[in-house]
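The values are calculated or read from the model by the stated rules, or taken from the named source; none is laboratory data. Small disclaimer: the values here were computed from a predicted structure and weren't measured. Every residue, glycine as well, gets a Cβ built from its backbone with ideal geometry; the counts of neighbours run over all protein chains shown.
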There are 2 protein chains.
Amino acid sequence: MKLYEQFPISLTNSLSGKKEPFQPVNPGHVGMYVCGPTVYSDVHLGNVRTFLTFDVISRYFRHLGYKVRYVRNITDVGHLENDADEGEDKIAKKARLEQLEPMEVVKHYTEGFHEVLRQFNMLPPSIEPTATAHIVEQIEITKRLIEKGLAYEVNGSVYFDVPKYNESHDYGILSGRKIEELMESGRKLDSQDEKRNKVDFALWKKASPAHIMRWPSPWGDGFPGWHIECTVMSTKYLGETFDIHGGGMDLKFPHHECEIAQAVGANGKDPVHYWLHSNMLTVNGQKMSKSLGNSFLPRELFAGTHQLLDKGYSPMTVRFFMLQSHYSSTLDFSNEAMQSAEKGFKRLAQALTFIKKTEVPSQAVASDLTTELNRMATECYTSMSDDFNSAKVIAVLFEMSARINDIKSGNLTMDKLDATAFANFKATYIAMMEDVLGLKEETESGGSHLEGVVNVLIELRKKARTDRNYALSDKIRDDLQAIGVQLKDGKNGEMTYTID
Amino acid sequence: MKLYEQFPISLTNSLSGKKEPFQPVNPGHVGMYVCGPTVYSDVHLGNVRTFLTFDVISRYFRHLGYKVRYVRNITDVGHLENDADEGEDKIAKKARLEQLEPMEVVKHYTEGFHEVLRQFNMLPPSIEPTATAHIVEQIEITKRLIEKGLAYEVNGSVYFDVPKYNESHDYGILSGRKIEELMESGRKLDSQDEKRNKVDFALWKKASPAHIMRWPSPWGDGFPGWHIECTVMSTKYLGETFDIHGGGMDLKFPHHECEIAQAVGANGKDPVHYWLHSNMLTVNGQKMSKSLGNSFLPRELFAGTHQLLDKGYSPMTVRFFMLQSHYSSTLDFSNEAMQSAEKGFKRLAQALTFIKKTEVPSQAVASDLTTELNRMATECYTSMSDDFNSAKVIAVLFEMSARINDIKSGNLTMDKLDATAFANFKATYIAMMEDVLGLKEETESGGSHLEGVVNVLIELRKKARTDRNYALSDKIRDDLQAIGVQLKDGKNGEMTYTID
């Protein structure tokens, strides 16, 4: 019996708003598409949460025995300012400002994006297609939508006719928006507008003479609209109907709504069985945003260099922190929450190190403990299978770590443990930590030796202070600073350090 | 005065076979294209040498003050078995064998390729375009070549007409091959052949019904030939005529020869001013090949797990080893050569660590030593500017390291050194090691921070001894010992350390 048969998954579908049993299109296979970044700036922490959510989901599917094809795209053209149909291409604008070829901008930020995801121990997707690598397919589907009467050309641009589509389909099926309200709200079309209806969106945009990123098309030189790439790439690699489409909550409307309309319009089929949306990250209760000054980059978080941060936190601490909440809940970032996550992760990680070295006993023992070990192992799986509840899994892992610590301290001896139950308990703890949650043992830039040696210095410095030998205390701080190790004095004489 | 004006570059152009002064198309700018990997298998050590060559060349251009646009492609379609015009696509074949979507194969081996290059401390190129992202452009140029009478369509495939091109141009200009000899040698065209002439090559191939990687074109569904992608991507991002085209020697014919023919045919211009080719890597005097069993992967080399290897070698040792030969010479791999490279790199790296910490004196001193320091610094530049002679630079760095060791041992005191000359010497040593050759300090489990922090403790301990504070001096030794760091007391109060 496969693990996925033993622990069948249910997941909250944004389409229905309900938790539904997962039934794959092809038994034993999972096709999942997730909207990736537009590579014109550094990836921020909110993006990280989205990609982490789907990293864990794809890891869990694989762990259960599914063969997973996980497609996550890179948007390297067509995403205009303010997510609109007018204005400058985000990448072209950055390229203009920095006097670069747009593809240099793409390469630079793609590298940065991959680097950040590696730091967070995320696995690469199976396929990482780019919008510019699918110009042909985007032109083809646009032609098809025109043929079906669902799109129209004006002045070298092509728009999707939303009201026309809505006559026989439901535009708003995912986001719950009503087309009538969308048509009424906001400004009216003026004579400058090319669109027939204000709700229409671009499939192809005519390139102005100055536009660098351009391709020939039946409608003249231009570039694709933002929404069409995902329809093309998801169905090309996963089929016209596939299992899961994921992304951040902010993409639900209009991006994902438009994806559905495009795919249904072109292929006559609902493209996606399950839509999953991960929720926002807030900071001290506020939405993260550049204008509020509360938005920080992963590297600022690791180094503790942002003014909102008391100190730096390791990538695994951040990963653990994010997984402590369910992906569909908002997650609030605060120094207190991070400090507690740091302690929590350390506890689970230490238990992991210990249990990996602990040999499974050979005897069969029946006791309440046997039942308890099995119950905890099972709860890890039932929690993950219940809409990927990593928060619940972590709670169970804490329970398990308490038992592991009992063994470590000698309160619990191996002769009390049943071989099969302990083997299952041990394998589950390791699998959940490493394979599913993707939490690995961590040694900061320098390994445990560095931590040890810095601690020797910290202890010397504490003693120097107690002895009122401030010259020595200051010298230690300054010498460390000179080589990029920052000591921070906390309350009660405690000291922590960060490394540049 | 810019560094590149002070040390003008000359380089051996494969087109002329001669060393020529480098004159960029746009002053102060360098456009360089290098043929990247076909991502259907693990990158082998021979490839690494090629990419390392151009990594160092691009680093040196940048160091001299040029603005460099370095384009290195990824071949993800169109490269058929045996580099031929018939047979299966390398990536599609791998995908079929492993039951994957071709783009899963592409993603997997692209990840592996990037990982290996990172391990060798190679910088990413400015743009890393893929063949599948330039289907539109490949179709456009093929149309243009047909219009010009230089290509013809047969059964949905398009071929470049080499004899036709050769009527008014020189096919063989790069490789020295004669078209008459190419026409006569080998087998004759048979009735199955579509080509008009055996020397013709494919620009576009008709896709059989089973072929997965396919795109619509004016000639029906198909896929691009192998050579056309590089012509399209190099000229798209660097212009119709650009400075440097690089690649492994094995690509000179037919690949680069075909690139010239395509570009000249389509644009009427020689595409490249300087062609650079890096030479082969041999193993114990034999060509590296899978059939001889003497081909190993970077990871086997690092771990020392291949039967031909006595032990493992670090990425920086291998990098150093490769740079000890000029890129245009064959380079023979042997255990003896690697062991000697390991020692050599360590010597230069230790000198690097030391000189980085050595402060520049403040006095002006005129002496023979001043002349010598300046001579060595200048020789680093003149050697690199002389066809990127990294072998010569390394010889000079050894000379320089001897002087650095004189300072370290006390044989040479700082009051003998002229401020300006030493500053120049120090900056050059560091720049050549780190920026140009890309050799970084490598310390197992700990990094430079660990070394720095231990040194802070060593200095404290020395001072404690001078102060006759033996309690503190012993405490430092014991505390370090407890965490696996052993201090050793040497002569004259010097201390060194080892890590368990």
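Here are a few things to note about the model shown:
- Any hit, region B:255-267, residues being under 17 Å from B:V71 (Cβ atoms), assigned by TED's automatic domain parsing to the domain that holds B:P125 and not in a helix (DSSP H, G or I): no
Rundown of residues vs (1) under 33 Å from the mean Cα position of the chain (by Cα); (2) closer than 27 Å to B:T378 by Cβ, yes/no style:
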| position | (1), (2) |
| --- | --- |
| B:D406 | no, yes |
| B:K416 | no, yes |
| B:A423 | yes, yes |
| B:M433 | yes, yes |
| B:N455 | no, no |
| B:S473 | no, no |
| B:D478 | no, no |
| B:Q481 | no, no |
| B:V485 | no, no |
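- Yes/no for A:P216 being under 30 Å from B:E104 (Cα atoms), surrounded by fewer than 17 Cβ atoms within 10 Å (Cβ to Cβ), within 14 Å of chain B (Cβ to nearest Cβ) and touching a helix residue (DSSP H, G or I) at 6+ places or on another chain (Cβ under 9 Å): yes
- If the condition is being under 15 Å from B:A366 (Cα atoms) and either in contact with a Phe, Trp or Tyr (Cβ under 6 Å, 6 or more places away or on another chain) or among the charged types (D, E, K, R) (or both), then region B:408-427 contributes B:D415, B:K416, B:D418.
Here is a yes/no grid of residues against (1) within 14 Å of chain B (Cβ to nearest Cβ); (2) under 30 Å from A:G36 (Cβ atoms):
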site: A:E140; (1), (2): yes, yes
site: A:R144; (1), (2): yes, yes
site: A:E184; (1), (2): no, no
site: A:R187; (1), (2): no, no
site: A:K195; (1), (2): no, yes
site: A:K198; (1), (2): no, yes
site: A:K206; (1), (2): no, yes
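- The residue list A:K475, A:K416, A:K440, A:K426 contains one member that is within 14 Å of another protein chain (Cβ to nearest Cβ) and either under 30 Å from B:E442 (Cβ atoms) or surrounded by 14 or more Cβ atoms within 10 Å (Cβ to Cβ) (or both), which is A:K475.
- Only helices (runs of 4 or more DSSP H) whose full extent lies in region A:35-125 are considered here, and the ones with at least 2 residues that are touching a helix residue (DSSP H, G or I) at 6+ places or on another chain (Cβ under 9 Å), small (G, A, S) and more than 18 Å from B:H114 (Cβ to Cβ) are A:90-98.
- Near pairs, Cβ below 6 angstrom, 6+ apart or cross-chain, from region B:306-317 (more than 13 Å from B:A337 (Cα to Cα)) to any residue that is outside any loop (DSSP other than H, G, I, E, B) and acidic (D, E): B:H306/B:E300
- Filter result for B:V232 (surrounded by 24 or more Cβ atoms within 10 Å (Cβ to Cβ), of a type in the set (A, V, I, L, M, F, W, C) and out of contact with any strand residue (DSSP E or B) (no Cβ under 7 Å at 6 or more places or on another chain)): yes
- When residues in region A:175-189 are screened for being under 23 Å from A:W275 (Cβ atoms) and either hydrophobic (A, V, I, L, M, F, W, C) or not in a helix (DSSP H, G or I) (or both), 6 of them pass.
- Only one of A:S334, A:S367, A:S314 that is at pLDDT below 95, of a type in the set (S, T, Y), more than 29 Å from A:F120 (Cβ to Cβ) and outside the structural domain of A:V56 (by TED's automatic domain parsing): A:S367
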